[in-house]
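Enquirer: Here it is: the structure, laid out below.
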Amino acid sequence: MKFIMFTKHLQGLDVPDIIKALHAVGVQGADLCVRPGYPVNPENATTALPAAAKRFAAEGLSIPLITTPGDFLEPTDEATIRVYAAAGEAGVENIKLGYWHWHADDGGYWDQVDFIHRQLNGFSKLSEAYGPRTCIHNHSGTSMGLNSCAVMNLVRGFDARHVGVFADTGHLSIVGEPINMALDIVKSHLAVMAFKDLARSPGMRGGAVVRMGKGFVDWETAVNTLRAINFSGPISFHSEYSGEPVDSVIDLARIDVRFIRALMAK
């Protein structure tokens with residue numbers, strides 16, 4: 001398993017400073033946020049993503065995963081094709097899509113599943129053509145992939161080399177099955193893990209990110225299950241400590257990594 005860090009909350013840093021932050025946290029690479037307002041974004045990806053990958057490699061780091069904008073859902077868009085082509089050139093293994101959400105007035109759940117299947121067929125072809133696997137992230141709320149059973153309704157039947165699941169411990173702890181059951185359900189398509197902890201927060205549809213070990217995630221079972229199923233993919237430390245300055249996010253992410261390494265050493 002390779003430890004990487006989600007760079008969403010490193011916004012404002014350029015690529016060299018992101019690299020310094022990753023070294024400070026003690027991870028092996030990035031879940032690189034490729035969104036507007038970041039050093040690499042959908043508009044400049046053709047040149048900026050391969051260039052970033054080279055700088056990472058020169059520092060002993062990699063980019064196994066990129067995270068796209070929340071509305072990155074149309075396989076025929078010029079920007080989508082540009083990002084897939086750039087990711088393939090950069091050696092990125094996985095691309096996290098945006099989010100399809102259930103709407104009561106949009107034909108019903110199963111009609112929406114059928115629509116997503118058609119969209120994923122297009123994304124699967126992009127993955128086959130350019131290399132990076134298309135991944136759907138578990139997310140609480142009305143996300144169509146909110147837990148393992150729901151996300152398998154979307155990805156089942158697709159080649160796992162081209163379409164996979166990005167399982168999230170935090171969101172699964174809010175709306176998911178028991179973590180060992182959840183991982184068993186998706187193991188045929190499990191490509192990437194997101195590590196974070198969540199707890200219920202008044203007024204929030206999902207949950208609030210809390211320090212690892214302070215929320216609902218059963219960390220010991222999660223780690224043991226990943227070992228049992230021989231998971232070897234990247235683990236993205238989300239460290240989504242909103243409102244904290246970047247330096248504090250880096251410090252908290254370092255503590256998160258130390259927490260998981262201690263569990264794994266047992």
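Enquirer: Tell me, which residue of region 196-255 that is under 19 Å from the mean Cα position of the chain (by Cα) and among the acidic types (D, E) is surrounded by the most Cβ atoms within 10 Å (Cβ to Cβ)?
Expert: D197
Enquirer: Hey, T142 hits all of (1) in contact with a strand residue (DSSP E or B) (Cβ under 7 Å, 6 or more places away or on another chain); (2) hydroxyl-bearing (S, T, Y); (3) within 21 Å of A191 (Cβ to Cβ) but one; which does it fall short on?
Expert: Evaluating T142 over (1) in contact with a strand residue (DSSP E or B) (Cβ under 7 Å, 6 or more places away or on another chain); (2) hydroxyl-bearing (S, T, Y); (3) within 21 Å of A191 (Cβ to Cβ) leaves (3) as the failure.
Enquirer: Does region 100-121 include one or more residues that are surrounded by 14 or more Cβ atoms within 10 Å (Cβ to Cβ), over 18 Å from the mean Cα position of the chain (by Cα), within 20 Å of I235 (Cβ to Cβ) and not hydroxyl-bearing (S, T, Y)?
Expert: No: zero hits.
Enquirer: Picking from S188, S201, which residue would you name as being part of a loop (DSSP other than H, G, I, E, B), modelled with pLDDT of 95 or more and not charged (D, E, K, R)?
Expert: Working: S201 fails: modelled with pLDDT of 95 or more.
Answer to the selection: S188.
Enquirer: Still on this structure: Name the pairs: first residue in region 139-161 and farther than 16 Å from S124 by Cβ, second residue of a type in the set (D, E, K, R) and in a loop (DSSP other than H, G, I, E, B), Cβ to Cβ under 9 Å, at least 6 apart or on different chains?
Expert: Here the result reads S140/R205; G141/R205; T142/R205; N147/E177; S148/E177; C149/E177, each pair linking region 139-161 to a residue that is of a type in the set (D, E, K, R) and in a loop (DSSP other than H, G, I, E, B).
Enquirer: Still on this structure, I have one more. Given the structure, is I174 out of contact with any Cys (no Cβ under 7 Å at 6 or more places or on another chain), of a type in the set (V, I, T) and within 25 Å of A104 (Cα to Cα)?
Expert: Values: out of contact with any Cys (no Cβ under 7 Å at 6 or more places or on another chain): yes; of a type in the set (V, I, T): yes; within 25 Å of A104 (Cα to Cα): yes.
For I174, the condition - out of contact with any Cys (no Cβ under 7 Å at 6 or more places or on another chain), of a type in the set (V, I, T) and within 25 Å of A104 (Cα to Cα) - is met.
Enquirer: In region 223-254, how many are within 20 Å of G207 (Cβ to Cβ) and assigned to a helix (DSSP H, G or I)?
Expert: Result for region 223-254: 3.
The values are calculated or read from the model by the stated rules, or taken from the named source; none is laboratory data. Computed from a prediction, not measured in an experiment: that's the story for all the values here. Positions of Cβ are backbone-derived with ideal geometry, glycine not excepted, and every protein chain shown enters the neighbour counts.
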